[in-house]
1. Convert each backbone phi in region 222-230 into a coupling constant with the Karplus relation 6.51 cos²θ - 1.76 cosθ + 1.60 (shift: θ = phi - 60°), then list the ³J(HN,Hα) values in order as whole Hz, x for Gly and Pro.
2. For region 112-262, with every protein chain kept in place, what is the accessible area per residue (1.4 Å probe, Å²)?
3. Expressed as a whole percentage, what fraction of the accessible surface of the chain belongs to carbon and sulfur atoms when a 1.4 Å probe is rolled over the protein heavy atoms?
4. Sorted from largest to smallest, which semi-axis lengths in Å does the alpha carbon gyration tensor of the chain give for its equivalent ellipsoid, taking the root of 5 times each eigenvalue?
5. How high is the FRET efficiency from residue 386 to residue 357, r the C-beta distance, R0 45 Å, rounded to 0.05?
6. Averaging sequence separations of C-alpha pairs under 8 Å and six or more residues apart, then dividing by the length of the chain, give the relative contact order as a whole percent.
7. In whole Å and largest first, what semi-axes does the C-alpha gyration tensor of region 343-389 yield when each eigenvalue is scaled by 5 and square-rooted?
8. Mind ranking 355-365, 192-202 by how tightly packed they are, going by the mean number of other C-beta atoms within 10 angstrom, highest first?
Amino acid sequence: MNLKKSSRKKKALISPVKTLTAMMMLSGAATHASADILIGEAANTKLSMYGILDAGILYQDKVSTDGDEKLGLETSGLRQTVLGFKGSRSLDNGMDAFFNLEAHFDLDTGMFHGTGDASTDGDDSSGRLLFRRQANLGVTGDWGTVIIGRQYGPALLAHLGTEPRIFKEQFSNLYAWAYSQYFSTVNDPASTDGRNANNDVGIFFKNAVQYRNNINGLDFGVLYSFGGQEGSQKEGDVVAIGAAYNTGPVTLSGSYQNMRDQQTAEDVVTSWALGAAYAVGDLNFKTNFMNTENNDANGNQILDLDALGVGMDWQWNEKNSATIAYYINKDKAPAKSVETKSLVLSNEYTIGESTIVYAQLAHVDADEMGTISRYATSIVASPAPAGETTTLINVGFNFAF
């Protein structure tokens, strides 16, 4: 992919994945930000709501090769800002029906957050979806759970326990995950760059059906997203698998995702990851490795990303938790491999139930590289200038309900 096209895509990249995360754990049939607020209960149906509000100040000492610095308000520093609604109803044979509606917005402006959806698709128009994160319904029972609609993919969810910073909204490999799987929705459907419009940054998928279950400590999900193209079931479809096995102090995770082009059925995005964590006392050691390949519609390679993260959490007293993490993310697709190395230090102070004050710092060192490599190897929303080092400091407040 030439730099001219990459520069055009850079503008589209910044908004859709600026404040993404999949911090919310899959618990039973739906995701939870915190304890739900019961809105009402009638005719055997429970309705509830939940949310996260997160904002702070972000300083970056170098945002360009000219050395310019930047200070501003940042929405969603620790977690995404969301508002969600859900409901459940008891059925026959011990089963329950449920639905999830979850919106993503920016606390600094109050606007709906941009998405990774292709803006030229008729069903997402401006790219500012009301229920960007979830719009689904399902059924659950002793046999497992089936979810239908727009939803979290099982791959990223599998690694929440092994990614060094739990894919936090700032300063984690959430960005390497999202940016490396986003490009297929930027491309013009008439071009040969490769396109899969069911993919929203490798985290959210529309037109999808997922089966989930937990068997003897193995929590897993299998998702299929229908391509919906005339004459072919393969064109534009997505397959995603994720599993995490917890044995107490040890957690192991694995995932696989494959997305095919809407016109040629070639693989345009293929991603797999492995992770492990070990908890001992107040310490929790984690490591996670991901590989993502991007191809064009003819199968020619554009990106070959290796993303490695290692880290340790330390619960150093009842209210404080500190984290140190180190990331080495390398794109092997260019003639000469390029990489971004990042060191992260952070502390979270709990000042009340579901209320956190946080401070986090990232020091980022990026090689000279093109736009695609620069974004795909980044752990921050605004990547370090190519060939430069950058320090970012973020202090903020997180309120969940």
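1. Coupling constants for region 222-230: 10, 10, 10, 10, 6, x, x, 9, 5 Hz.
2. On the way: 5000 Å² over 151 residues.
Ligands and nucleic acids excluded, the result is 33 Å² per residue.
3. Numbers: 9520 of 16480 Å².
Exposed carbon and sulfur together represent 58 percent of the surface.
4. Values: eigenvalues 180, 149, 81 Å².
In descending order the semi-axes read 30, 27, 20 Å.
5. On the way: r = 34 Å, r/R0 = 0.75.
That pair, residue 386 with residue 357, gives E of 0.85.
6. Values: 1172 pairs, mean separation 63.5, N = 401.
In percent, rounded to a whole number, it is 16.
7. Details: eigenvalues 188, 23, 7 Å².
For region 343-389, the ellipsoid semi-axes come out as 31, 11, 6 Å.
8. Details: 355-365: 18.6, 192-202: 24.9.
Sorting 355-365, 192-202 by mean packing, highest first, produces 192-202, 355-365.
The values are calculated or read from the model by the stated rules, or taken from the named source; none is laboratory data. A quick note: this is a predicted structure, and the numbers were derived from the prediction, not measured. Methodologically, a virtual Cβ is constructed for each residue, glycine included, from the backbone with ideal geometry; neighbour enumeration extends over all protein chains shown. These accessible areas exclude ligands, DNA and RNA; they are computed on the full protein's heavy atoms, side chains included. Shrake-Rupley method; radii C 1.70, N 1.55, O 1.52, S 1.80 Å.
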